[in-house]
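Written below as structure tokens is the structure these notes are about.
The values are calculated or read from the model by the stated rules, or taken from the named source; none is laboratory data. Since we're looking at a predicted model, the values are computed, not measured. All Cβ positions, even for glycine, are placed from backbone atoms using ideal geometry, and neighbour counts span all protein chains on display. Side chains are part of the model used for accessible areas, which takes the heavy atoms of the whole protein and leaves out ligands, DNA and RNA. Shrake-Rupley method; radii C 1.70, N 1.55, O 1.52, S 1.80 Å.
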Amino acid sequence: MRPMRPTRRIATAVAAASTMTLSLAACGALGVSGDSSEASPTKGNDVTVGLLLPETANTRYDKFDYPIIRNKVMELTNKQGKVDYLNADASASKQAEQLQQMVDDQVDVILLDAVDAHAIAEGVQKAKDAGIPVIAYDRLAEGPIDAYVSFDNELVGEVQARSLLEAMGEVDSSDKIVMMNGSPTDPNAKQFKAGALSELSGTVDIAKSYDTKDWKPENAQANMAQAIKSIGVNNLKGVYAANDGMAGGIIKALEAAGVTNLPPITGQDAELDAVQRIVSGEQFMSVYKSYPQEAESAAQMAVAKVQGKDIQFDSLTQDQVDSPTAKNIPALLVPVVALTRKNIEETVVADGIYQLGDICTAKYKADCASIGLGK
Ligand code: GAL
């Protein structure tokens, strides 16, 4: 079944989704003291935010999510707040222990990016019972969560699939592609897949489709090797890869099978390796998700929640989503864009995610020059 599309609570939600601190401050939602936006503050600036992230294989978590959240919490609390960060290394049981530790430590609020959205529900309930609000971060954890901040995940899948079709050129329904989806315990993976299928089903022949355990590139590589055996390299017109790490594994499998002219391959997360592969033409696209927008909003939501700034909290969460266990969860869903060789400068470089020098290293200098990057 196709996951439910989020609904908007207030018409201005799009603006809220794409705005950052500045515009929120401008409309009076931030930094206002002593007015009605501070409904009985429960805490001052000595806020402790517990941050639980799911894995380290993907570079985004340590490189962007954690430092951006930490810096924003510091900024919002006049350097008196802190972030206690633990990473589960793709282990659901480890994450359950980490969540328990946060409850035992009596942190003020928890930002939770679930390894297994279903299995963690019991831990979320325990936090709730201990009076600690839980905000689901990036992946929609089950259980009684207070709010959710993420990207528009179904849009991610649609954007990936539309780009793949565009790269394949004239397609007909007998053109074979392989679909490499994400982890079955990650609810986002289901949404990426649903969004992609809404574009691909009936348009091309999805000859093989896999859900990839733990999002691991090596698992994607093994599945791809199997798909190549059954389909034959010459019959393959494109590969839908749900993220960049897996795109890397897929390329290894294709090269091991002797493919020199790679078919179009998608991705997600704008990892540096992937951006370089886009420059060199090995990977067609990635999805750029503005980490600052998601992570800074999460920090704002967490601090507002602890400090009892209800109006500010509501202004940050004007979307609404349902999980399998909770309805009408206040949410913020940040939009995403396709990243191809045409817009590297306007996206990751403009946002300061990478410098041109990070991308156009000696190995990629000529490719960068050939697409006019860094001129
Ligand atoms: C998803 C997340 C992606 C990517 C992926 C693999 O849940 O939205 O950005 O990180 O997990 O870890």
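Among the protein heavy atoms, those of THR56 account for about 70 Å² of accessible surface (1.4 Å probe, every chain in place). Rounded to two decimals, the Cα-based Rg/Rh of the range 289-375, with Kirkwood Rh, is 1.19.
Need one word for the range 94-176: rounded, prolate or oblate. Basis is the Cα gyration tensor (sqrt eigenvalues a ≥ b ≥ c); a/c below 1.5 gives rounded, then a/b vs b/c decides. It is prolate, given that a/c is not under 1.5 and a/b is the larger ratio. The listed residues MET74, MET224 rank as MET74, MET224 when sorted by accessible area, largest first, using a 1.4 Å probe. Would you mind telling me which residue in GLY131, GLY169, GLY143 has the biggest mean-square fluctuation in a Gaussian network model of the chain, where springs connect alpha carbons within a distance under 10 angstrom? Between GLY131, GLY169, GLY143, it is GLY169 that shows the largest mean-square fluctuation.
Mean residue ellipticity at 222 nm, helices only, the chain: -11500 deg cm²/dmol; runs of at least 4 DSSP H residues each add -39,500 (n - 2.57), and the sum is divided by the number of residues. Beta bridges assigned by DSSP with both partners in the chain are antiparallel in approximately 20 percent of cases.
Rounded, prolate or oblate for the range 217-375? Axes are the square roots of the Cα gyration tensor eigenvalues, ordered a ≥ b ≥ c, and the cut-off for rounded is a/c under 1.5. Cα axes put the range 217-375 in the oblate bin.
For the chain, modelled as a GNM whose springs connect Cα atoms under 10 angstrom apart, the maximal fluctuation among ASN181, ASN58, ASN235 occurs at ASN235. For the range 194-235, applying the loop criterion from DSSP together with a ceiling of 11 other beta carbons within 10 Å to the trypsin sites (Lys or Arg not before Pro) yields no site. Counting every pair of alpha carbons in the range 296-345, the share spaced more than 18 Å apart comes to 48 percent. Close amide H partners of ALA207, meaning residues 5 or more places away or on another chain with modelled amide H under 5 Å apart, are ILE177.
With 25 Å as the limit, the listed pairs LYS176/LYS365; LYS43/LYS79; LYS94/LYS229; LYS82/LYS193; LYS79/LYS309 have LYS176/LYS365; LYS94/LYS229; LYS82/LYS193 beyond it between alpha carbons. Kirkwood Rh over Cα pairs of the chain into Stokes-Einstein at 37 °C, 0.692 mPa s: D in µm²/s? The Stokes-Einstein estimate is 154 µm²/s. Would the range 83-130 count as rounded, prolate or oblate if I go by the C-alpha gyration tensor, calling it rounded below 1.5 in a/c and otherwise prolate when a/b exceeds b/c, oblate otherwise? Oblate shape, in that a/c is at least 1.5 and b/c is the bigger or equal ratio.
How many angstrom lie between the C-alpha centres of the range 191-255 and the range 78-136? The range 191-255 and the range 78-136 have Cα centres separated by 33 Å. What the phi angles of the range 127-132 give under the Karplus curve with 6.51, -1.76 and 1.60, with θ = phi - 60°, is a coupling list of 4, 4, 4, 8, x, 9 Hz, glycine and proline written as x. If you run the Gaussian network model on the chain, springs between alpha carbon atoms under 10 Å, then out of ALA130, ALA57, ALA189 the most flexible one is ALA130.
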